Amino acid sequence: MRRVLLTGVSGTGKSAIVAELLARGHHAVDLDCPAYSHWVAASAVPAAAGTPVEPGRDWVWREDRVRELLAPENGPPSFVSGCAANMGAFLPCFDDVVLLSAPPPVIAARLAARPRGAYGQRPAEAARVLALIEAVEPLLRRRADHELDTSGSVEQAVAAVLAIAGARTSER
């Protein structure tokens, strides 16, 4: 089973794509949930561009749970989405790393449309996300095997992700 990581800043469509993949019967997990991520003191996270999420604390992957999810004997999901300061150690676990990106105006509109209280909906959070496009996206681009502009429909993005998952890529 191929393992595909869908990564990118908030508002690029990670959760929407995972939801659509699940609706179509594919195995998919969004790591940006309490089952796979948690808050830690910012001092506990290696310094990385764009961190911490909030002053004094950062939202990172629960390494033990992600490791268990990706263990070969557990038959991991085909698609995993997420972006965290501590994700680098897990990149070798994936056959494909797909950077999801979109123009800043598209991301800003998506964040503004989120439900009240959802991350990125507040002006300071939206400003942070837009700054991450400059600070973090270039780092993600260097580690990605593919980049997908998600400014179109979710259906178009899912079709492209499925095409990538079906294609063989060269070794990183």
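Filter region 43-53 down to the residues that are surrounded by 17 or more Cβ atoms within 10 Å (Cβ to Cβ) and out of contact with any Leu (no Cβ under 6 Å at 6 or more places or on another chain), then identify the one that is modelled with the highest pLDDT. Spell out how you get there, then give the answer.
So in region 43-53, the residues surrounded by 17 or more Cβ atoms within 10 Å (Cβ to Cβ) come out as 45, 48, 50-53.
Still in the running and out of contact with any Leu (no Cβ under 6 Å at 6 or more places or on another chain): 45, 48, 51-53.
Numbers: Val45: 65, Ala48: 60, Thr51: 64, Pro52: 71, Val53: 74.
Step by step, filter region 43-53, then rank; the result is Val53.
Would you mention how many residues in region 122-133 are out of contact with any Gly (no Cβ under 9 Å at 6 or more places or on another chain) and either aromatic (Phe, Trp, Tyr) or surrounded by fewer than 16 Cβ atoms within 10 Å (Cβ to Cβ) (or both)?
Residues meeting the conditions: 4.
Can you find a residue in region 12-32 that is of a type in the set (S, T, N, Q), within 22 Å of Glu147 (Cα to Cα), modelled with pLDDT of 95 or more and not in a helix (DSSP H, G or I)? So that I can check it myself, show each step before the final result.
Filtering region 12-32 for residues of a type in the set (S, T, N, Q) gives 12, 15.
Next, only the ones that are within 22 Å of Glu147 (Cα to Cα) stay: 12, 15.
Now drop any that are not modelled with pLDDT of 95 or more, which leaves 12, 15.
Next, from what is left, pick out any that are not in a helix (DSSP H, G or I): 12.
The answer is yes; a qualifying residue exists.
What pairs come out if I take residues in region 36-56 that are in a helix (DSSP H, G or I) and pair them with residues that are of a type in the set (Val, Ile, Thr) and at pLDDT 70 or above whose C-beta lies under 9 Å away, six or more apart or interchain?
Note: pairs meeting the criteria are Ala42/Val53; Ala44/Val60.
Does region 117-162 hold any residues that are part of a helix (DSSP H, G or I), touching a residue at least 60 places away in the same chain (Cβ under 8 Å) and of a type in the set (S, T, N, Q), and which are they?
If the condition is that a residue be part of a helix (DSSP H, G or I), touching a residue at least 60 places away in the same chain (Cβ under 8 Å) and of a type in the set (S, T, N, Q), then no residue fits.
Determine whether Ser81 is surrounded by fewer than 21 Cβ atoms within 10 Å (Cβ to Cβ) and at pLDDT 95 or above. I'd like the intermediate steps shown before the answer.
On the way: surrounded by fewer than 21 Cβ atoms within 10 Å (Cβ to Cβ): no; at pLDDT 95 or above: yes.
Against the criterion (surrounded by fewer than 21 Cβ atoms within 10 Å (Cβ to Cβ) and at pLDDT 95 or above), Ser81 does not qualify.
Which condition does Arg2 not pass, out of (1) at pLDDT below 95; (2) within 16 Å of the chain's Cα centre (by Cα); (3) closer than 21 Å to Arg143 by Cα; (4) surrounded by 13 or more Cβ atoms within 10 Å (Cβ to Cβ), if it passes all the others?
Of the numbered conditions (1) at pLDDT below 95; (2) within 16 Å of the chain's Cα centre (by Cα); (3) closer than 21 Å to Arg143 by Cα; (4) surrounded by 13 or more Cβ atoms within 10 Å (Cβ to Cβ), the odd one out for Arg2 is (2).
Please count how many residues of region 95-117 are of a type in the set (A, V, I, L, M, F, W, C) and surrounded by 20 or more Cβ atoms within 10 Å (Cβ to Cβ). If you could, list the steps in order and put the result at the bottom.
Here is the first cut: in region 95-117, the residues of a type in the set (A, V, I, L, M, F, W, C) are 97-100, 102, 106-109, 111-113.
In the following step, the residues that additionally are surrounded by 20 or more Cβ atoms within 10 Å (Cβ to Cβ) were identified as 97-100, 102, 107, 111.
Summing the residues that are of a type in the set (A, V, I, L, M, F, W, C) and surrounded by 20 or more Cβ atoms within 10 Å (Cβ to Cβ) in region 95-117 gives 7.
Results for (1) part of a loop (DSSP other than H, G, I, E, B); (2) modelled with pLDDT of 95 or more; (3) among the basic types (Lys, Arg), shown as yes or no for each residue.
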residue: Val60; (1), (2), (3): no, no, no
residue: Arg65; (1), (2), (3): no, yes, yes
residue: Glu68; (1), (2), (3): no, no, no
residue: Val97; (1), (2), (3): no, yes, no
residue: Ala109; (1), (2), (3): no, yes, no
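The values are calculated or read from the model by the stated rules, or taken from the named source; none is laboratory data. What you are looking at is a predicted structure, and each value in this text was computed from that prediction instead of being measured. Glycine also receives a Cβ, built like all others from the backbone with ideal geometry; neighbour counts cover every protein chain displayed.
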